[in-house]
Amino acid sequence: MARYIGAVCRMCRRAGEKLYFKGDRCFTEKCGVERRKYPPGQHGQGRSKLSDYGIQLMEKQKVRKPYGLMEVQFRKYFHEAERRKGITGETLLQLLECRLDNVVYRMGFSANRRQARQLIRHGHFLVNGSRVNVPSYIIKENDVVEVKESSREIPSVQESLEKAGHRGLPAWLETDAANFKGKVLHVPSREEIQLPVQEQLIVELYSK
C-alpha cells in the first residue's frame with residue numbers, strides 16, 4: 001500500500017480530534033476539525049458507534065498516521081517496544097517521539113513532521129556534529145540537534161522558528177533558536193508526550 005497523500009484534515013475529522021498534521025494551521029480557526037466537527041463523507045453526521053475492534057483500530061491510526069508510518073514500519077516499532085523492558089504502550093510512544101523527524105518538529109525547526117522528513121533527507125540537520133539524513137534515526141538523551149550552518153537561511157526553517165512559540169516546547173527538549181540548535185534533556189515520560197491516544201488499546205489490538 002502506498003503512503004497516504006490525500007487530505008490530511010479528513011483523518012483528524014474521522015478521529016474526532018486534532019492530530020496536528022498541518023502544524024501551525026491546526027492552531028488557527030482554519031483547522032478542519034474546528035470548521036466541521038463531524039466525520040468526513042456524505043453520511044458523516046449520521047454514522048453509528050464503532051465496535052470494540054473499530055475503536056482499537058482508530059487508536060492505532062491516531063498514532064501511526066501523524067508520524068507518517070506505514071503499517072509494516074509501525075508493527076516493527078511495536079515489536080521493538082514489546083521486546084524492551086517497561087510498559088509496551090508507553091515504550092512504543094517513546095520510540096516514536098524520539099524519531100529525528102519528530103524531534104525536529106517538536107523543536108520548532110519545521111512546521112510539521114512531513115516537512116521535517118524532507119529537510120532531514122536533504123541533509124540539512126546535524127546530530128552531535130554529524131550529518132544525519134535518516135528521518136527514523138532514534139535520538140538519545142543529551143543528543144544535540146542543529147540546522148547545518150549553510151541551511152540556516154532556508155525560509156521554511158526561519159518561518160517555523162518564528163511561529164513555534166504558540167505551539168509550545170515539550171519539557172524534555174530545549175531549543176536555542178538564535179543558534180538553530182536544540183538538546184534532548186531526557187527520554188519523554190508518558191505525561192510529556194503530546195498525543196491524545198489510549199495506547200493500551202493498540203497493545204490489545206496487536207495481542208489478538
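Worth pointing out:
- Of the residues making up the range 141-153, one or more are touching a strand residue (DSSP E or B) at 6+ places or on another chain (Cβ under 9 Å), surrounded by 12 or more Cβ atoms within 10 Å (Cβ to Cβ) and of a type in the set (S, T, N, Q).
- Against the test of being closer than 30 Å to K60 by Cβ and either within 19 Å of the chain's Cα centre (by Cα) or assigned to a loop (DSSP other than H, G, I, E, B) (or both), the options L195, L205 yield a single qualifying residue, L195.
- If the condition is being surrounded by fewer than 15 Cβ atoms within 10 Å (Cβ to Cβ) and either assigned to a strand (DSSP E or B) or touching a Gly at 6+ places or on another chain (Cβ under 6 Å) (or both), then the range 154-192 contributes E174, D176.
- Residue check, Q200 part of a helix (DSSP H, G or I), among the polar types (S, T, N, Q), under 25 Å from E82 (Cα atoms) and not assigned by TED's automatic domain parsing to the domain that holds Q61: yes
- Any chance S150 is under 26 Å from Q61 (Cβ atoms) and polar (S, T, N, Q): no
- Looking across R121, R99, R114, R106, one residue alone is farther than 19 Å from V187 by Cβ, in contact (Cβ under 8 Å) with a residue 40 or more places away in the chain and among the basic types (K, R). It is R114.
- Just one of the listed residues (L57, L100) is hydrophobic (A, V, I, L, M, F, W, C) and at pLDDT 95 or above, namely L100.
The values are calculated or read from the model by the stated rules, or taken from the named source; none is laboratory data. Keep in mind the model is a prediction, meaning the values are calculated, not measured. As a convention, Cβ positions derive from the backbone with ideal geometry for all residues, glycine included, and neighbour counts pool all protein chains shown.
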